[in-house]
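A quick write-up on the structure given underneath.
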Amino acid sequence: MREYALYLFDFDNTLFDTRCGIEAILREALPVLGVEYGPDSFDECLGLTMDQVYDRYMGDDRSRYRDFERSFMSVVMSDAYLGAPPFPETACVLESLRVRGKRIGVVSGKKAYKIVNLLRANGLDGYPETVVGFDETERHKPFPDPILRGMSSFDVPRDETVYVGDSPNDALAAEAAGVDCVIVDRHNQLSVEGIECTCQVDSLDELILW
């Protein structure tokens, strides 16, 4: 693992274990599509946007989209995310990067205020110098716009920047932004075959092994 000057992190299931909130969304929204939430549903939808989840099950049929969107967003706008913990290594890795003089940002599809609330509740809000959330860009991952927005807060070249995420959308967005990408796959939940990423790791700890 090489070192970088700027580390931009995805949030959900990268820095924080937000599985409980994502499961709550899927349990509420999938039945609208006639799909029962099951053991494989989380992995099938991991890292997908709302529209991608809909398209996965409904394809070009838009007849249930509005009802699905309403159910999906009702949980997104709720407090279901509260209580999500950081992964055990998150604080140590962020502190190690800061001590070594690295720049840190968060770029996520989650609303920025939720990210800030969770970081603050866990004493981690002092680490990211910028937080780019859902509302900061019109286009979202896998488009590069959120990462480019995050990079705009730093005077760091692309070849010294890495995006750390956990899904194919993260890898695609990083590639489109022209930066390296590290994919975290803690429980072998992600099939990385065919995913273009610079490096795959099992834990954030591996980011500081250089």
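Each row is one residue, and each column tells you yes or no for (1) touching a Lys or Arg at 6+ places or on another chain (Cβ under 6 Å); (2) without any contact (Cβ under 8 Å) to a residue 12 or more places away in the chain; (3) in a loop (DSSP other than H, G, I, E, B).
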residue	(1), (2), (3)
126	no, yes, yes
147	no, no, no
153	no, no, yes
162	no, no, no
171	no, no, no
182	no, no, no
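Does the range 84-96 contain at least one residue that is in contact (Cβ under 8 Å) with a residue 40 or more places away in the chain, closer than 13 Å to residue 11 by Cα and aromatic (Phe, Trp, Tyr)? Yes, because at least one residue in the range 84-96 is in contact (Cβ under 8 Å) with a residue 40 or more places away in the chain, closer than 13 Å to residue 11 by Cα and aromatic (Phe, Trp, Tyr). For the range 127-137, the criterion of being under 21 Å from residue 18 (Cα atoms), at pLDDT below 95 and not basic (Lys, Arg) is met by at least one residue. Checking every residue in the range 87-108 against the condition of being within 19 Å of residue 25 (Cβ to Cβ) and either touching a Leu at 6+ places or on another chain (Cβ under 7 Å) or at pLDDT below 95 (or both) gives zero matches. Among the residues of the range 26-72, those identified as closer than 18 Å to residue 110 by Cα, in a helix (DSSP H, G or I) and small (Gly, Ala, Ser) are 29, 71.
Residues that are crowded, with 18+ Cβ neighbours inside 10 Å, basic (Lys, Arg) and touching a residue at least 60 places away in the same chain (Cβ under 8 Å) occur in the range 128-144; there is at least one. Does any residue of the range 101-111 turn out to be under 22 Å from residue 136 (Cα atoms), part of a loop (DSSP other than H, G, I, E, B), assigned by TED's automatic domain parsing to the domain that holds residue 151 and not charged (D, E, K, R)? Looking for residues that are under 22 Å from residue 136 (Cα atoms), part of a loop (DSSP other than H, G, I, E, B), assigned by TED's automatic domain parsing to the domain that holds residue 151 and not charged (D, E, K, R), one finds at least one in the range 101-111, hence yes. Report yes if some residue within the range 23-32 is in the same structural domain as residue 173 (by TED's automatic domain parsing), touching an Asp or Glu at 6+ places or on another chain (Cβ under 6 Å) and not polar (S, T, N, Q); otherwise report no. Scanning the range 23-32, I find no residue that is in the same structural domain as residue 173 (by TED's automatic domain parsing), touching an Asp or Glu at 6+ places or on another chain (Cβ under 6 Å) and not polar (S, T, N, Q), so the answer is no. Counting only residues that are surrounded by fewer than 17 Cβ atoms within 10 Å (Cβ to Cβ) and either in contact with a strand residue (DSSP E or B) (Cβ under 7 Å, 6 or more places away or on another chain) or among the basic types (Lys, Arg) (or both), the range 8-65 holds 5 of them. If the condition is being without any contact (Cβ under 8 Å) to a residue 40 or more places away in the chain and either small (Gly, Ala, Ser) or buried (at least 20 other Cβ atoms within 10 Å of the Cβ) (or both), then the range 98-123 contributes 101, 112, 114, 119, 121, 123.
The values are calculated or read from the model by the stated rules, or taken from the named source; none is laboratory data. This is a predicted model, so every value here is computed, not measured. For neighbour counting, all protein chains shown are included, and Cβ atoms are generated from backbone atoms with ideal geometry for every residue, glycine included.
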